[in-house]
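Visitor: Sharing a structure, written as structure tokens. Questions coming.
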Amino acid sequence: MVSRCPGWEALDVLAAAPDGPVAFCADLSPVGLLAAYRAGVYPFPASDEYTRALNEVVFADQVQEGGIRLVGEESADPFAVSWWSPDPRPVLPVTAAHLSRSLARRLRNRLPWSTSLDREFERVVRECRGDRAPLWLTEELIASLIRLHELGHAHSVEVWEDGNLIGGVFGLRVGPVFSMDSMFFRRPGASKVAVSDLAARFAQAGGELLDAQRDSPHVRDLGCVLLPREQYVRHLRRTARDSLPMPTATLPARRLARPVGSR
């Protein structure tokens, strides 16, 4: 029998399978998106009708058996958007973020890079979208992210070189956790600088963890470690509200090149 939740607050993420989608839900509205992130899940919209149909073919039995929940209204087509909550979850404690020695040396010696917060949110999102396949950053999702940015929930870090945007990262802040949706670079190391800068600004605002969402060699290279889903959700639930605002000033990237443990 199909198991349906009226909203994300009713979904027991901890009871879901460790890999694969934990739910299907068509709601990508700003309110729905923020509620999902607060529940510990993130979206992966189908890029086309074929992918949507494939979701239904592959996962319909698990939905029917109750292993994957449907969330929201019955009238909406859920299979257009799958929602994920991997166990374990790759996270980067803000106090552990640092740059490689070679990148730190480049910043100290010759790279005139600077960083900013929320200066070009939509541009960073669209740079992250680029021509990637599958195209999960749909126009509907981008519109909701922009609205959440306007409401103060979604943020971006930009990396600049001589006035040119060369890297960035964006995502949603939920209390002590910042869930990084995507990043991009146009110069080697620029996305790593963006993540390190985000960690520094988030730490100043009382943040604790950067969430990389999906495990990969790239996020491991950033310094991410694997956190059991139960502990990740506990971090999310520690506080329902954001604390201090992150500093927005444009700053020199070389400040991030200090050795680990230095003040």
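Visitor: Determine the dipole magnitude for the chain: charges of +1 sit on the beta-carbon of Lys and Arg, -1 on that of Asp and Glu, nothing else is charged, the reference point is the Cα centre, and the result goes in debye to the nearest 20.
Guide: Here the chain has a charge dipole of around 1920 debye.
Visitor: List the residues whose amide H sits under 5 Å from the amide H of C5, counting only those 5 or more places along or on another chain, with H placed 1.01 Å from N in the peptide plane.
Guide: L70, V71, G72
Visitor: In addition: In whole Hz, with x marking every Gly and Pro, tabulate ³J(HN,Hα) for region 174-179 from phi via Karplus 6.51 cos²θ - 1.76 cosθ + 1.60, θ = phi - 60°.
Guide: Using θ = phi - 60°, the values come out as 10, x, x, 10, 10, 8 Hz.
Visitor: Report the FRET efficiency, 1/(1 + (r/R0)^6), for R234 and V31, where r is their Cβ-Cβ distance and R0 is 22 Å, rounded to 0.05.
Guide: 0.40
Visitor: So, one more: Give the Kirkwood hydrodynamic radius (Å, one decimal) of region 4-129, defined as one over the mean of 1/r across all pairs of different Cα atoms.
Guide: For region 4-129, the Kirkwood estimate is 17.2 Å.
Visitor: E73 versus S3, label points 7 Å from Cα toward the beta carbon: distance in nm?
Guide: Between E73 and S3, the label points sit 2.5 nm apart.
Visitor: Enumerate the calculated ³J(HN,Hα) couplings along region 211-225 in order (Karplus 6.51 cos²θ - 1.76 cosθ + 1.60, θ = phi - 60°), each rounded to whole Hz, writing x wherever the residue is Gly or Pro.
Guide: Taking θ as phi minus 60°, the curve returns 9, 8, 6, 10, 6, 6, x, 5, 6, 5, 5, 6, x, 5, 10 Hz for region 211-225.
Visitor: So, one more: How much length is gained on full extension from Y50 to A133, taking 0.36 nm per residue of separation minus their Cα-Cα distance?
Guide: Full-extension gain reported as 28.5 nm.
Visitor: Which shape class applies to region 82-128: rounded if a/c is under 1.5, otherwise prolate when a/b exceeds b/c and oblate if not, where a ≥ b ≥ c are the square roots of the Cα gyration tensor eigenvalues?
Guide: The shape class here is oblate.
Visitor: Helix-derived [θ] at 222 nm for the chain: sum -39500 (n - 2.57) over DSSP H runs of at least 4, divide by residue count, nearest 500?
Guide: Result for the chain: -10000 deg cm²/dmol, rounded to the nearest 500.
Visitor: List the relative contact order of the chain as a percent without decimals, with contacts defined as Cα pairs under 8 Å and 6+ residues apart.
Guide: 25
Visitor: Over all distinct Cα pairs, what is the inverse of the mean 1/r for the chain, reported as the Kirkwood hydrodynamic radius in Å?
Guide: By the Kirkwood definition, the hydrodynamic radius is 19.0 Å.
Visitor: If you don't mind, another one. Each residue of region 245-250 in turn: what ³J(HN,Hα) in whole Hz from Karplus with 6.51, -1.76, 1.60 and θ = phi - 60°, glycine and Pro shown as x?
Guide: Whole-Hz 3J(HN,Hα) from phi for region 245-250: x, 6, x, 10, 4, 6.
Visitor: On to the next question. Report, in degrees rounded to the nearest 10, the 0 to 90 angle that the Cα long axis of helix 190-204 makes with the longest principal axis of the chain.
Guide: Helix 190-204 and the main axis of the chain meet at about 90 degrees.
Visitor: At a Förster radius of 22 Å, what calculated FRET efficiency corresponds to the Cβ-Cβ distance of V57 and A15, to the nearest 0.05?
Guide: 0.35
Visitor: Could I ask something else about it? Highest mean first, what order results for 131-137, 211-217, 170-176 on Cβ atoms within 10 Å?
Guide: Result, highest mean Cβ count within 10 Å first: 170-176, 211-217, 131-137.
Rule-based calculations on the coordinates, nothing more; no lab input. Note that the structure is predicted; figures quoted are calculated from it, not measured. We place every Cβ from the backbone using ideal geometry, glycine too, and count neighbours over all the protein chains shown.
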